[in-house]
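The values are calculated or read from the model by the stated rules, or taken from the named source; none is laboratory data. Quantities reported herein were computed from a predicted structural model and do not represent experimental measurements. For neighbour counting, all protein chains shown are included, and Cβ atoms are generated from backbone atoms with ideal geometry for every residue, glycine included.
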Amino acid sequence: MAIDVKTIERGALHEAKEFFWVFLYLYLCIGMLVVYKSLILKVYGTEFAPYGFALVKAAILGKFILIGQALPMGRRFDQMPLIYPTLYKAFIFFILLVALSVAEEAVVGMWHGEAFGEAVSHFYGGTLPGVLAGCLVTFFFLVPYFALRQLGDVLGKGRLFDLFFKKSGSAKGMDDSPRVPAA
């Protein structure tokens, strides 16, 4: 059985593009929170600017999302109105990201000599309000991401990208007629 190098290259390029868009979205979301947190803390005289954290966290979470998408997860409601699969996938991936983030905190903490409980206690600040706020923010960052993914799946390969980034009417199969929702 011969290995088709072109197929492997196309697959790798497709995965790299997928990762780029997930990473960019997560980096913008996490980076925005880092900037916001640093501005709030600056008011109280505390310097906080872990911008590298946003970069690394977006890369790690982006890879987790791509791995999760490769698994047959969250497809239960795909034939229903878009709100159902969107919220379901956001919730499933929220659970996945929280679980993997807790595991990541544990590994990093234990690498630095902390006990498991102490390492995990740093998750989202370690307080109940911090954990709840962090979880809500994470879930609601995932909703628009999965809404656009679901919409893209319904429209077909490349159509959503074309609608957003190409001149009106130049998108594949699109004409210049106004977009009027069906009654």
Would you please list the contacts, defined by Cβ atoms under 8 Å and residues six or more apart or on different chains, that run from a residue in segment 132-151 that is more than 12 Å from LEU33 (Cβ to Cβ) to a residue that is among the hydrophobic types (A, V, I, L, M, F, W, C) and outside any helix (DSSP H, G or I)? ALA147/LEU82; GLN150/LEU82; LEU151/LEU82
Which ones in segment 61-96 are exposed (fewer than 15 other Cβ atoms within 10 Å of the Cβ) and touching a Ser or Thr at 6+ places or on another chain (Cβ under 9 Å)? none
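Criterion first (modelled with pLDDT of 85 or more, part of a helix (DSSP H, G or I), surrounded by fewer than 12 Cβ atoms within 10 Å (Cβ to Cβ) and hydrophobic (A, V, I, L, M, F, W, C)) does ALA99 satisfy it? Explain how you work it out, then say what you get.
Numbers: modelled with pLDDT of 85 or more: yes; part of a helix (DSSP H, G or I): yes; surrounded by fewer than 12 Cβ atoms within 10 Å (Cβ to Cβ): yes; hydrophobic (A, V, I, L, M, F, W, C): yes.
Yes, satisfied.
Yes or no: ILE30 in a helix (DSSP H, G or I), more than 23 Å from ALA133 (Cβ to Cβ) and within 16 Å of the chain's Cα centre (by Cα)? Spell out how you get there, then give the answer.
Details: in a helix (DSSP H, G or I): yes; more than 23 Å from ALA133 (Cβ to Cβ): no; within 16 Å of the chain's Cα centre (by Cα): yes.
Answer is no for this residue.
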Give the number of residues within segment 1-50 that are in contact (Cβ under 8 Å) with a residue 60 or more places away in the chain and closer than 19 Å to PHE161 by Cβ. 3
Out of everything in segment 59-93 that is touching a Leu at 6+ places or on another chain (Cβ under 8 Å) and not in a helix (DSSP H, G or I), what residue ends up being farthest from LEU151 (Cα to Cα)? MET73
